[in-house]
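The values are calculated or read from the model by the stated rules, or taken from the named source; none is laboratory data. What you are looking at is a predicted structure, and each value in this text was computed from that prediction instead of being measured. Methodologically, a virtual Cβ is constructed for each residue, glycine included, from the backbone with ideal geometry; neighbour enumeration extends over all protein chains shown. In case anyone asks, the SASA skips ligands and DNA or RNA and just uses the protein heavy atoms, side chains included. Shrake-Rupley method; radii C 1.70, N 1.55, O 1.52, S 1.80 Å.
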Amino acid sequence: MRIPVSEVTPETGRAEICGWVHEVRDLGGLVFYLVRDRSGIIQVTIPKKKVPQSVLENIRDVSRESVVRISGQVKAIDKAPGGREMIPETFELISRSTSPLPLDVVEKVPADLDTRLDSRFLDARRPRVTSVFSIRSTVMRTVHEFLFQRGFLHISTPKVVAAATEGGTELFPIAYFEKEAFLNQSPQLYKQMLMGAGFEKVFEIGPIFRAEEHNTTKHLNEATSIDVEVSFSDQNDVMDLLEELIVKLYGTVAGECQNALENLEIKDFEVPKSPFPRLAYREAIEIASAHLDEPIQYGDDIGTAAEKAIGEEMQQHYFIVDWPTEIKPYYAMPHDHDPTICKAFDLMHPRMELSSGSQRVHQHDLLVRQIASKGLNPDNFEFYLTPFLYGMPPHAGWGLGAERLVMTMLDLSNIREAILFPRDRHRLVP
Ligand code: AMO
């Protein structure tokens, strides 16, 4: 029975391992292989005079990154990784790798990101890359656990839709029989309709599609959104939930992902402290304006340079609240005391925005007016608006970008490092 190499110890005695040949060193009478599986690396030492003839025959044709199955005795040895080595009794070449490799898995030859993404299956064999995705997996598992523990229902909503959610310009049109259709930008409208269905607390983790034209280090054309919607809640309730989730995710990674963090050479992994400061939009643009050559005008969006300036001042996660109603989507609820500002928020990491959310408008007439005031036609939103006529509870929610979350958590320089097969302006394969 095959066991993961990380479980092979000097006490194991005889063991069988399977994995990829990470490195080969042939010193004549002695051949060393490093064999790697998802769990780690083990040294396999072949003293040519002491191993069976069948082993010698089988190692002749083994190239790097071939898949092998080896069984043998395990011995303690100081110099090898993990303080042990295996001396093979059987050696099977399961799948020979072609040479040369399009990408060096042992990272001796550096490769740029494009080359790595072209051969992502090989790139993902590198322990650093495996570590990013094992941490991402832990994060996603913890999101599910956190929300299930709080009574959320998991939902899946259509990705092929008839209308824009977040605004018309960033839509991908698709051919859908004789109709015009689009890839969905956000589950927003469906989350809200399900509040009308009485589901009360829902979450969805799924793809969102944005036809952003610009190739940046923090935008993807297909991203993963962690979306939440909660009835009988306001913006402060869901900000508290989001903050609690972020702290929980960092805490879980700190506790469970030590090896992966070490592989990524992250030594000072800090769990953010709550409460996160809450800056009013007005204060945020004042901070940004103090650092920028051109001040931000009230009503301007907070762009990349401003985000960076505010982040440097804040040095921690923070919320921006009380946004001007005119620059947030129609579904954000205006404040009672001053309808020019609304109950929308952004959660910011010092490097960038991670999440947007709001308390939503739940009154049909106000929602129709707000849709029209954004220059949109309410008739196109009939399927969404109708549930607001038949008993819609007050509700609030947010969408959190999974790739940005992982990118900022692990201090990755490009969002493409946080997704297996990124989609951007120039990349549609693999
Ligand atoms: P928003 O459009 O701000 O809000 O998106 C929410 C979060 O999703 C992530 N995100 C992206 N990540 C990578 N590349 C992109 N092109 C991209 N676009 C968005 C970001 C962002 O903060 N319906 C609202 C959410 C809500 O109010 O519930 C929405 O979609 O991390």
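Subtracting the Cα-Cα distance from 0.36 nm times the residue separation, let me have the gained length for residue 1 to residue 32 in nm, one decimal.
Extra length from residue 1 to residue 32 when fully extended: 8.8 nm.
Pull out the extension gain between residue 366 and residue 389, defined as 0.36 nm times the separation in residues minus the alpha carbon to alpha carbon distance; nm, one decimal.
Length gained, residue 366 through residue 389: 7.1 nm.
For the ranges 100-111, 312-323, what's the packing order if you count other beta-carbon atoms within 10 Å of each residue, average per peptide, and put the highest first?
By packing density, highest mean first, the sequence is 312-323, 100-111.
Quick one: ranking 154, 214 by accessible area, 1.4 Å probe, largest first, what do you get?
Correct descending sequence by accessible area is 214, 154.
Could you give the accessible area per residue of region 91-208, probe 1.4 Å, as a whole number in Å²?
Normalised by residue count, the accessible surface of region 91-208 is 50 Å².
What net charge is computed for the residues neighbouring residue 421, neighbours being all others with C-beta under 10 Å from the C-beta of residue 421, Lys and Arg scored +1, Asp and Glu -1?
Charge balance near residue 421 sits at +3.
Give me D for region 233-367 in µm² s⁻¹, whole number, from Stokes-Einstein with Rh from the Kirkwood sum over alpha-carbon pairs, 20 °C and 1.002 mPa s.
It comes out at roughly 132 µm²/s.
Give me the net charge for the shell around residue 333: Cβ to Cβ below 10 angstrom, other residues only, Lys and Arg +1, Asp and Glu -1.
Residues close to residue 333 contribute a combined charge of +1.
Roll a 1.4 Å probe over the protein chains and send me the accessible area per residue for region 1-85 in Å².
54
Where Lys and Arg each count +1 and Asp and Glu each count -1, what net charge lies around residue 169 among other residues with Cβ under 13 Å from its Cβ?
Overall, the nearby charge balance is -2.
Just subtract the alpha-carbon distance of residue 374 and residue 39 from 0.36 nm times their residue separation and send over the number in nm, one decimal.
Length gained between residue 374 and residue 39: 115.3 nm.
Could you run the Karplus curve 6.51 cos²θ - 1.76 cosθ + 1.60 with θ = phi - 60° over region 308-317 and give me ³J(HN,Hα) per residue in whole Hz, x for Gly and Pro?
For region 308-317, the Karplus curve yields 5, 4, 5, x, 5, 6, 7, 6, 6, 4 Hz.
For residue 328, which aspartates and glutamates qualify as cross-link partners when the Cα separation must be under 12 Å and same-chain residues fewer than eight apart are set aside?
Cα-Cα hits under 12 Å: 166, 300, 301, 346.
Show the residues, 5+ positions off or on another chain, whose built amide H is closer than 5 Å to the amide H of residue 395.
232, 233, 360
In whole Hz, with x marking every Gly and Pro, tabulate ³J(HN,Hα) for region 51-66 from phi via Karplus 6.51 cos²θ - 1.76 cosθ + 1.60, θ = phi - 60°.
Rounded to whole hertz, the list is 9, x, 4, 4, 5, 4, 5, 6, 7, 4, 9, 8, 9, 4, 6, 6.
Step by step: find N for region 23-107, compute 2.2 N^0.38 Å, then divide the Cα radius of gyration by it. What's the final number?
Ratio of Rg to 2.2 N^0.38 Å for region 23-107: 1.06.
Reachable aspartates and glutamates from residue 49, Cα under 20 Å, same-chain residues fewer than 8 places away excluded?
26, 57, 61, 85, 89, 92
I need the phi-derived Karplus couplings for region 273-285: 6.51 cos²θ - 1.76 cosθ + 1.60, θ = phi - 60°, integer Hz, Gly and Pro marked x.
In residue order, the calculated couplings are 9, 9, x, 6, x, 10, 9, 6, 3, 4, 5, 4, 6 Hz.
Report, by chain and number, residues whose modeled amide H sits under 5 Å from the one on residue 125, excluding near sequence neighbours (fewer than 5 apart, same chain).
Placed amide hydrogens put nothing under 5 Å from residue 125.
Protein chains only, probe 1.4 Å: how do 247, 8 rank by accessible area, largest first?
Result, largest first: 247, 8.
Using a 1.4 angstrom probe and counting only protein chains, how large is the accessible area of residue 373 in Å², to 10?
90
Report residue 426's accessible area, 1.4 Å probe, all protein chains in place, as a number in Å² to the nearest 10.
Using a 1.4 Å probe on the heavy atoms, I get roughly 150 Å².
Based on the alpha carbon coordinates of region 353-430, what radius of gyration and maximum Cα-Cα distance (Dmax) apply, in Å?
Rg, Dmax (Cα atoms, Å): 18.4, 47.
At a 1.4 Å probe, what is the % contribution of carbon and sulfur to the accessible area of region 223-373?
46
Which order, highest average first, do 220-229, 301-310 follow once you tally other Cβ atoms within 10 Å for each residue and take the mean per peptide?
220-229, 301-310
Return the calculated 222 nm mean residue ellipticity for the chain, to the nearest 500 deg cm²/dmol, obtained by summing -39500 (n - 2.57) across DSSP H runs with n ≥ 4 and dividing by the residue count.
Rounded to the nearest 500, it is -8500 deg cm²/dmol.
List every residue whose amide H lies under 5 Å from the amide H of residue 181, counting only residues 5 or more places away in sequence or on a different chain, with H placed 1.01 Å from N in the peptide plane.
Distant-sequence amide H within range of residue 181: 174, 176.
Mind ranking 98, 169, 142 by accessible surface for me, highest first, 1.4 Å probe?
Largest accessible area first, the residues go 169, 98, 142.
Which value, in debye to the nearest 20, describes the size of the charge dipole of the chain about its Cα centre when Lys and Arg Cβ atoms bear +1, Asp and Glu Cβ atoms bear -1, and nothing else is charged?
Roughly 2120 debye, rounded to the nearest 20.
Roughly what angle does helix 127-149 make with the longest principal axis of the chain, taking Cα atoms, 0 to 90 degrees, to the nearest 10?
Result, in degrees: 50.
Within the set 159/267; 108/308; 108/267; 108/248, which residue pairs have Cα atoms separated by over 29 Å?
From the list (159/267; 108/308; 108/267; 108/248), the Cα-Cα distance tops 29 Å for 159/267; 108/308; 108/248.
Over region 1-143, what percent of the accessible surface lies on carbon and sulfur atoms, probe 1.4 Å?
Carbon-and-sulfur percentage of accessible area, whole number: 52.
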